[in-house]
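Before I ask anything, let me first share the structure, which is written out below as structure tokens.
The values are calculated or read from the model by the stated rules, or taken from the named source; none is laboratory data. Everything numeric here is computed off the predicted structure, so don't read it as measured data. Cβ placement follows ideal geometry from the backbone for every residue including glycine, while neighbour counts extend to all protein chains displayed. For the accessible areas, the whole protein counts, side chains as well, though only heavy atoms, and no ligand, DNA or RNA atoms are used. Shrake-Rupley method; radii C 1.70, N 1.55, O 1.52, S 1.80 Å.
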Amino acid sequence: MFELLIRRAAQVAASAGLLGATALLGQWPSGTEPHHAVLRLAWRLPGERVKLCHELSEEELARVPIHMRRPQECREWTLAYSLSVAVDGREVRTRTLTPPGVHRDRPLFVHEDLALEPGVHEVTVRFAPVAPAIDGALTPAEAEQVAAAVAAARTDAFDGALDFPPARVRMLTYRGAEPTLTVVDSASRAAGS
Amino acid sequence: MISGDSRRTAVAAAVGRAIRAVEAVFDRIYGSPLNPLYQSGVTAVLLLAIMTVTGLYMFLFYSVSQPYSAVLTLDAQWWGGRWIRALHRYSADAALLAVGFHALKMFAGGRSWGPRTLAWVSGMILTGAMLLCGWTGFIMVWDTQAQLMGIELARLLDVLPIFSEPISRTFAGDQPVPSSFFFMNLFLHVALPLGVTFLLWLHTSRMARPIIFPPRRLAIAITALLTLMAMAFPYPQLPEADVFTLPGKVPLDLFYGFWVPFAQRFGPHVHAAFWLIATALLLAVPWILRPRQANRRHPSHVIERICQGCAQCYLDCPYEAIQMVPREVPSEKSALVARVTPELCVSCGICVGSCAPMGVGPPARTGRDELAEARAFAAAHKLDSTTVVLFTCSEGIGADPALGHLDGVMTYPVECAGSLHTSVIELVLRSGAGGVFILTCAARDCAFREGPKWLEQRVFHNREAELKDRVDRRCVRLVMASRGERPAARRQLSDFVREVRGRAGSSLPEDVDLISDCSTAEVDHV
């Protein structure tokens, strides 16, 4: 009888221990309180395209099977963009964003998280198109056409002092239909939504 | 010089020793029939069933447009939703724990290669599906833990060059997390368990009579204990995820999110490499652990001229490795003859014990070979009416030399008691031994699934290849015990030795030829 009682007590204790360990490992305290803030750059830009076309001559058309003849032959590129970020006058990020996809024609996605000390920082962001590297020589007219397309492509910049509270994220993005980069955080998004 | 096989075996043996030590502790506490460690696989299935039932209840309240509010609503139901959600979570954690232990045990026991490759590989895929299902479940709650896991998983997925838009962008904050994202999570969380059901079938498809659930007492105990814990300690409600706030200290489920700190520290590429390498290694275990051809045990084969077509080996084989097929050479004995599929045979030898005429078994391990060995044993030892021959499973408790040190006990190790032909028991008694004590592994811890069960039926319940009626059953004792039950087994052995000494000895008719008695075949005797 006494042995049975001991055994039952051991069973209860072991079961409680097992369950307790399972519960503890299921909610293990992890991570530390962050003492930094984050500047997030996040936006999507549909491809800005450069297209060079030329009319086919009679001779060129004659070389092509009749069912494949088109009056124009075109080459097309989606522009890459350069992104540079400076905080308090110091460049913290520079990179060239190439359009993704097999044909390099998908929209560009910017998603950068930059850790900063909390406080007010002077933030400068430049986002500008890069002229495509084109194989072969261009005629002066074509070179002019490419330069014009690059110049007409969307270019963005942000200059301003931003306050970064600890453990918070402030984001630069395009908000709704606004054409320029805007600062968004949880408060402004809640107000906007 | 240590061969590759030895190194691999040494690793598995080290893991095996650790497992056996833990099992022995559990044996002492719960006893082998209720030791949950011997039921790890079926316990995982029970927990999956609990998750299905609790998940169905929670599904009624979930909303993909307001996931966090939906969970708050559930948690407000102190009488139901709160503990049902906790039970769902505790079951999920316990299921992964059970699966992990089950896999380790199979690894350590060398039960992962050859005919068991399908079970191992499908088991690994099952575990992957469980993890995936768990992750989608955590993200559905959309609290700070979900944010941690979601962001790291998205970064991981973005390493794969298959998505037209980065998944991480979902959590950037430039737009609210869409309800379609939560719908996809919900869909996966519901659809994956259906896949798990199929994988479970595949996992057990090479087993005869697969056991799906633990014994009723254990199932009730596990369910009741988890329910009590869920009621007493429901999971705390964490703050809602906010992509504009950096998560600080977050209670993390280490069963499903053990990788999160690693991923945060080393980034998505190292994280992806970790999963790739871990998955490849785990899936390759059957080929890594497989011994060289020369060291592998040979599959059983059937001596067709002896086979009587009784189909008992076909019925008893725990791995469905034996089929009954029409004879190529017609015989008066039967139209059908047993045939072993070598690719499915694990060489357990259980068919040896099930074949009355001793016509099946791995090479040099048939019933006839067992009888020859027993004759040699009897000739080498002085057996008298006070001697007890102890047949022990070398896979289990029988490996303990202390048991054989009892006065008047002679140990006779066998690979698996399930492969012991009953004629061997009779032969030992005929040779003068006063008793036979068979110590098998615990029924649910048999390395070959059904060894102790079939042996008990052959010895005491007249299952085909039975111990003949002329053998006095008082002279035979069968005990199923695990390592933690060693003291009890030793006590029972001592009691049996005393009983045998108190008897005048067994009375068996003289001069019975055990082989011809068991068989009608005209064959050469061993």
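A:Pro132 passes all but one of (1) closer than 29 Å to B:Ser164 by Cα; (2) touching a residue at least 24 places away in the same chain (Cβ under 8 Å); (3) within 14 Å of chain B (Cβ to nearest Cβ); which number fails?
That leaves (3) as the condition not met.
Another question, then. Among the helices (runs of 4 or more DSSP H) lying completely within the stretch B:73-170, list those that include at least 1 residues that are closer than 30 Å to B:Met207 by Cα.
Values: elements: B:81-108, B:117-141, B:144-159.
Helices (runs of 4 or more DSSP H) meeting the threshold: B:81-108, B:117-141.
Could I ask something else about it? Please find, within the stretch B:419-465, the residue that is surrounded by the fewest Cβ atoms within 10 Å (Cβ to Cβ) out of those that are under 17 Å from the mean Cα position of the chain (by Cα) and closer than 17 Å to B:Ser347 by Cα.
Ranking the candidates gives B:Ala447 first.
Could you list, in sequence order, all residues of the stretch A:71-113 that are touching a residue at least 40 places away in the same chain (Cβ under 8 Å), more than 13 Å from chain B (Cβ to nearest Cβ) and under 30 Å from A:Arg168 (Cβ atoms)?
A:Tyr81, A:Ser82, A:Leu83, A:Ser84, A:Val85, A:Val87
I'd like the full set of residues that are of a type in the set (Val, Ile, Thr), out of contact with any Pro (no Cβ under 7 Å at 6 or more places or on another chain) and surrounded by 13 or more Cβ atoms within 10 Å (Cβ to Cβ), limited to the stretch A:65-109.
The initial filter retains those residues of the stretch A:65-109 that are of a type in the set (Val, Ile, Thr), namely A:66, A:78, A:85, A:87, A:92, A:94, A:96, A:98, A:102.
Now restrict to residues that are out of contact with any Pro (no Cβ under 7 Å at 6 or more places or on another chain): A:66, A:85, A:87, A:92, A:94, A:96, A:98, A:102.
Of everything in the stretch A:65-109, those that are of a type in the set (Val, Ile, Thr), out of contact with any Pro (no Cβ under 7 Å at 6 or more places or on another chain) and surrounded by 13 or more Cβ atoms within 10 Å (Cβ to Cβ) turn out to be A:Val85, A:Val87, A:Val92, A:Thr98.
Please specify each residue of the stretch B:244-259 satisfying the condition of being more than 7 Å from chain A (Cβ to nearest Cβ) and buried (at least 16 other Cβ atoms within 10 Å of the Cβ). Walk me through it before giving the result.
Applying the first criterion (more than 7 Å from chain A (Cβ to nearest Cβ)) to the stretch B:244-259 yields B:256-259.
Residues satisfying the conditions are B:Tyr256, B:Gly257, B:Trp259.
So in the stretch B:280-320, with the set limited to residues that are of a type in the set (Val, Ile, Thr) and in contact with a helix residue (DSSP H, G or I) (Cβ under 7 Å, 6 or more places away or on another chain), which one is surrounded by the most Cβ atoms within 10 Å (Cβ to Cβ)?
As a first pass, look at the stretch B:280-320 and keep what is of a type in the set (Val, Ile, Thr): B:285, B:288, B:302-303, B:306.
Subset that is in contact with a helix residue (DSSP H, G or I) (Cβ under 7 Å, 6 or more places away or on another chain): B:285, B:288.
Details: B:Val285: 20, B:Ile288: 14.
Among residues in the stretch B:280-320 that are of a type in the set (Val, Ile, Thr) and in contact with a helix residue (DSSP H, G or I) (Cβ under 7 Å, 6 or more places away or on another chain), the one surrounded by the most Cβ atoms within 10 Å (Cβ to Cβ) is B:Val285.
Of everything in the stretch B:1-37 that's farther than 26 Å from A:Ala13 by Cα and open to solvent by less than 30 Å² (accessible area, probe 1.4 Å), which residue is modelled with the lowest pLDDT?
B:Gly4
Report yes if some residue within the stretch B:25-46 is among the small types (Gly, Ala, Ser), touching a residue at least 40 places away in the same chain (Cβ under 8 Å) and in a loop (DSSP other than H, G, I, E, B); otherwise report no. Working first, answer last.
Within the stretch B:25-46, the subset among the small types (Gly, Ala, Ser) is B:31-32, B:40-41, B:44.
Applying the additional criterion that residues be touching a residue at least 40 places away in the same chain (Cβ under 8 Å) yields B:31-32, B:40-41, B:44.
Now narrow it down to the ones that are in a loop (DSSP other than H, G, I, E, B): B:31.
Yes, the stretch B:25-46 contains at least one residue that is among the small types (Gly, Ala, Ser), touching a residue at least 40 places away in the same chain (Cβ under 8 Å) and in a loop (DSSP other than H, G, I, E, B).
Here's something else I'd like to know. Out of the stretch A:110-120, which residues are farther than 15 Å from A:Ala167 by Cα and either among the basic types (Lys, Arg) or open to solvent by less than 40 Å² (accessible area, probe 1.4 Å) (or both)? If you could, list the steps in order and put the result at the bottom.
Our first condition is that a residue be farther than 15 Å from A:Ala167 by Cα; within the stretch A:110-120, this holds for A:110-112.
Selection gives A:Val110, A:Glu112.
Looking at the stretch A:17-59, which of the residues that are closer than 30 Å to B:Met149 by Cβ and of a type in the set (D, E, K, R) is least open to solvent (accessible area, probe 1.4 Å)? Reasoning before the result, please.
First pass over the stretch A:17-59, keeping only residues closer than 30 Å to B:Met149 by Cβ: A:17-45.
From what's left, of a type in the set (D, E, K, R): A:33, A:40, A:44.
Numbers: A:Glu33: 105, A:Arg40: 16, A:Arg44: 92 Å².
Once the filter is applied, the top-ranked residue is A:Arg40.
Determine which member of the set A:Ala9, A:Ala62, A:Ala14 is open to solvent by 40 Å² or more (accessible area, probe 1.4 Å) and either within 14 Å of another protein chain (Cβ to nearest Cβ) or among the polar types (S, T, N, Q) (or both).
Numbers: A:Ala62 fails: either within 14 Å of another protein chain (Cβ to nearest Cβ) or among the polar types (S, T, N, Q) (or both); A:Ala14 fails: open to solvent by 40 Å² or more (accessible area, probe 1.4 Å).
Step by step, each of A:Ala9, A:Ala62, A:Ala14 is checked, and only A:Ala9 is open to solvent by 40 Å² or more (accessible area, probe 1.4 Å) and either within 14 Å of another protein chain (Cβ to nearest Cβ) or among the polar types (S, T, N, Q) (or both).
Okay, next question. Among the residues of the stretch B:228-238 satisfying the criterion of being open to solvent by less than 30 Å² (accessible area, probe 1.4 Å) and modelled with pLDDT of 95 or more, which is farthest from the other protein chains (Cβ to nearest Cβ)? I'd like the intermediate steps shown before the answer.
Filtering the stretch B:228-238 down to residues open to solvent by less than 30 Å² (accessible area, probe 1.4 Å) leaves B:229-230, B:235, B:238.
Now restrict to residues that are modelled with pLDDT of 95 or more: B:229-230.
Working: B:Met229: 5, B:Ala230: 9 Å.
If we take residues in the stretch B:228-238 being open to solvent by less than 30 Å² (accessible area, probe 1.4 Å) and modelled with pLDDT of 95 or more, then B:Ala230 is farthest from the other protein chains (Cβ to nearest Cβ).
Would you confirm whether or not the stretch B:467-476 contains a residue that is out of contact with any strand residue (DSSP E or B) (no Cβ under 8 Å at 6 or more places or on another chain) and crowded, with 22+ Cβ neighbours inside 10 Å?
no
Given the stretch B:211-315, what helices (runs of 4 or more DSSP H) lie entirely inside it while holding 1 or more residues that are more than 30 Å from B:Ala44 (Cβ to Cβ)?
On the way: elements: B:216-232, B:254-257, B:260-289.
Once the helices (runs of 4 or more DSSP H) in the stretch B:211-315 are filtered for at least 1 residues that are more than 30 Å from B:Ala44 (Cβ to Cβ), what remains is B:260-289.
OK, next. Return yes when B:Met184 is assigned to a helix (DSSP H, G or I), away from chain A (no Cβ under 14 Å), of a type in the set (A, V, I, L, M, F, W, C) and crowded, with 20+ Cβ neighbours inside 10 Å and no when it is not.
Working: assigned to a helix (DSSP H, G or I): yes; away from chain A (no Cβ under 14 Å): yes; of a type in the set (A, V, I, L, M, F, W, C): yes; crowded, with 20+ Cβ neighbours inside 10 Å: no.
For B:Met184, the condition - assigned to a helix (DSSP H, G or I), away from chain A (no Cβ under 14 Å), of a type in the set (A, V, I, L, M, F, W, C) and crowded, with 20+ Cβ neighbours inside 10 Å - is not met.
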